[in-house]
Amino acid sequence: MKILIVEDEEALAKVLEENLKKEGFKTKIAENGEEAIKAASSFSPDLMILDLILPKKDGLTVLSELKSNPELKAIPVIVLSNLEGEESIRKSLSLGAADYFVKTQHPLKEVVEKVKTFFIK
Amino acid sequence: MFWNIKNKNKEELWKSENKYRALVESATDAIISSDAAGNIVDWNKSAEKIFGYKSEEAIGKPLFFIMPERFREAHLKGMERVNLGGERRVIGKTIEVSGLRKNGTEVPIELSLAAWEEKGKRFYTAIIRDITERKQKTEDFEKFKLAVDNSTEHIIISDSEGIVLYLNEAAEKITGFSREEAVGKKAGVLWGKQMNLEFYKAMWQKIKYEKKPFIGEIINKRKSGQKYAAAISISPILDEVKNVKFFVGIERDITREKEIDKAKTEFVSLASHQLRTPLSIISWYAETLLSGDAGKLGKRQLEYLREIYDSNKRMINLVSSLLNISRIELGTFAIEPKITDIPEVVEDILSELNLQIKKKNLDVEKIYESLSPVKVDRNVVRIILQNLLSNAVKYNKTGGKIKVEIKKGGGSIFIRVSDTGHGIPLASSSRIFEKLYRADNAKEIDPDGTGLGLYIVKEVLKRIGGETRFESEEGKGTAFYITFPENI
């Protein structure tokens, strides 16, 4: 099971990656929006964890490009952001994000548990 | 026949003399006559009153003795000139001069002078009015007018329909309309219409129907189209029967203050967002360490790490509060109602507070009545309950009680959160919803509090049309009552 972590903050990406690896997931980190789109094709993840504020291409753009690409749109996306406004939550969900987490409001464990639910079914 | 006529004339003359006397004596103005030499020959009651001399003291004295020294020379020269047939500068005119009273003080007077002749002799009669009061009034009026004209606040006077009667220089300057352009037109049409209808409705309700001053902040438009922010206070001026005579509006330009405020708030917003990344890094690493995933930790290591984690959590909450405040103050606090299960929100918050609840051994009672999910802004409900519940925990006593009651009815949601804690001192009760205000006992119990929580509660409630109030007894506990409409 492969997970693509799109996160420009190295420390956050790393702790997320380690916690996911421990659960048995294969992971890859993309540090910006452009890399995220490329990796979505080359790495073909089963799930994407996506930050919103990113260099080169922001998260919402990545999300909309992904969802309008017939080959990539099936990849479920969990948005993991510092933005907690209803506006960005609504936009993300309407663009097709499967869930939305505010980094500071949720323990890492909750995020990992959420990821696991995608692979139980 | 001739005799008769003569006698009749005498009689009539006598009658008319009497009439004249009566008139002169009852006049409220001083009536003083002098002969050509300027010696007083007639002095009425009012002259006595104004100058303080009895008639017997005055008659025979020269006129100049009721004049201040500085006028005397001109008076004597003038009389001489007129008596020699020269130019009459004062006769037939009304002038304002000063008189000299018996007691040596001066009195401002208005003087009308007439010259007349009888049997070849010339006489002068002066009608003199004491204008002390009038002068005082004029001076007062001038003073007030100067103050209003030159005030740096914008002052506008309108009639009861809002038609401009006056605006001062500052108002001309800020609105861009000159007095000539503005007077006679509706203030609302000239520079208004920038706020929503509700605002103006509330304003007119207050000043015209409740007849009370309206105080608020408003956006107006200059003649050039540019907008400005102003702090205004409009007061109705009422007549004897309590009808609105006119309105006085005093405005102060606060555009610059608003800009500074906005810049400050934007800075807080930006800084808070920037703070969140390191805060989540600390939080997640501490969490990973605490879980033992990075190796087993000793008891003290765990204890210290828990402190780090908790403090970090506190900082996260503070940043959240700051962000909420900057959203409220920037007007970007979005309200998005969606179907929300309020008890679920309560449970969520209680589980976050579980550690502190257990530490204080608190008993939490929950009463939910006829509560199907309702359409409200989940975020707002969360903010309100989070603040009230965490206060109920924080300011409770060990072994105390917390009661959460939620019910629905008549299109409204009612929430009551009560505790058996330290209570709010009476002296603080009127201020606890103020930003950054903290009650004295709250500062003692929890020195780290921010004084932001209840302010946020009040402000977010305002945005969903809700209200809050509380009952409290120091040492016994507090109950907060929240009401807000569902489906907004």
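None of the figures in this text is laboratory data; all of them are computed from the coordinates on show. Keep in mind that this is a model prediction, so the values were computed, not measured. FYI the Cβ positions are ideal-geometry reconstructions off the backbone, even for glycines, and counts take in every protein chain you see.
Between A:Lys116 and B:Ser429, what FRET efficiency comes out of the Förster formula 1/(1 + (r/R0)^6) with R0 = 51 Å and r the beta carbon distance, rounded to 0.05?
It comes out at approximately 0.55.
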Round to the nearest 0.05 the FRET efficiency obtained for B:Arg314 and B:Lys201 when R0 = 60 Å and r is the Cβ-Cβ distance. 0.85
Using the alpha-carbon atoms, what tilt in degrees (0 to 90, nearest 10) does helix B:2-26 show relative to the longest principal axis of chain B? 30
Got a sec? Which residues in the stretch B:413-442 would a label at B:Glu467 touch, if it sits 7 Å along Cα→Cβ and we count backbone N under 20 Å? B:413-418, B:429-434
Among B:Asn324, B:Ala22, B:Leu190 the positive-end extreme of the charge dipole of chain B (Cβ point charges): B:Ala22
Going by how many other Cβ atoms sit within 10 Å of their own, how do B:Thr420, B:Thr483, B:Thr152 line up, fewest first? B:Thr152, B:Thr483, B:Thr420
Let me know the mean shielding of A:13-23 by other chains, meaning the per-residue number of their Cβ atoms within 10 Å of its Cβ. 2
Can you put B:Val364, B:Val164 in order of Cβ neighbours within 10 angstrom, beginning with the fewest? B:Val364, B:Val164
Ordering of B:376-389, B:452-465 by burial proxy (mean other Cβ atoms within 10 Å per residue, highest first): B:376-389, B:452-465
Please work out how much length the chain gains when fully extended from B:Glu161 to B:Asn487, using 0.36 nm per residue of separation minus the C-alpha to C-alpha distance, in nm with one decimal. 113.5 nm
Where the only charges are on Cβ atoms (+1 Lys, Arg; -1 Asp, Glu), what is the dipole of chain A about its Cα centre, to the nearest 20 debye? 480
Mind giving me the FRET efficiency for B:Thr105 and B:Lys77? R0 is 25 Å, r the Cβ-Cβ distance, nearest 0.05 is fine. 0.45
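Quick one: length gained pulling B:Glu347 to B:Ile91 fully straight, 0.36 nm per residue minus the C-alpha distance?
82.3 nm
Give me the extension gain from B:Asn9 to B:Gln301: residue separation times 0.36 nm, minus the current Cα-Cα distance, reported in nm with one decimal.
Gain on extension, B:Asn9 to B:Gln301, equals 92.0 nm.
Suppose every K and R has +1 on its Cβ and every D and E has -1 on its Cβ; what is the size of the dipole of the protein assembly as shown about the Cα centre, in Debye to the nearest 20?
Values: 99 positive and 93 negative charges, 234 e Å.
Roughly 1120 debye, rounded to the nearest 20.
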Cα-centred dipole magnitude for the stretch B:143-260, charges only on beta-carbon of K, R (+1) and D, E (-1), debye, nearest 20: 200
Using θ = phi - 60° and the Karplus form 6.51 cos²θ - 1.76 cosθ + 1.60, what ³J(HN,Hα) does each residue of the stretch B:277-285 get, whole Hz, x for Gly and Pro? 4, x, 5, 6, 4, 4, 4, 6, 5
Compute the relative contact order of chain B as a whole-number percentage, counting only Cα pairs closer than 8 Å that sit 6 or more residues apart in sequence. 7
Cα convex hull of chain A: how many Å³ per residue? 93
Just going by the charge dipole of the protein assembly as shown, with Lys and Arg at +1 and Asp and Glu at -1 on Cβ, which of A:Leu60, A:Leu108, B:Ser269 is farthest out on the positive end? B:Ser269
Please name whichever of B:Val346, B:Leu436, B:His422 sits farthest to the positive end of the charge dipole of the stretch B:330-477, dipole taken about the Cα centre and charges placed at Cβ: Lys and Arg +1, Asp and Glu -1. B:Leu436
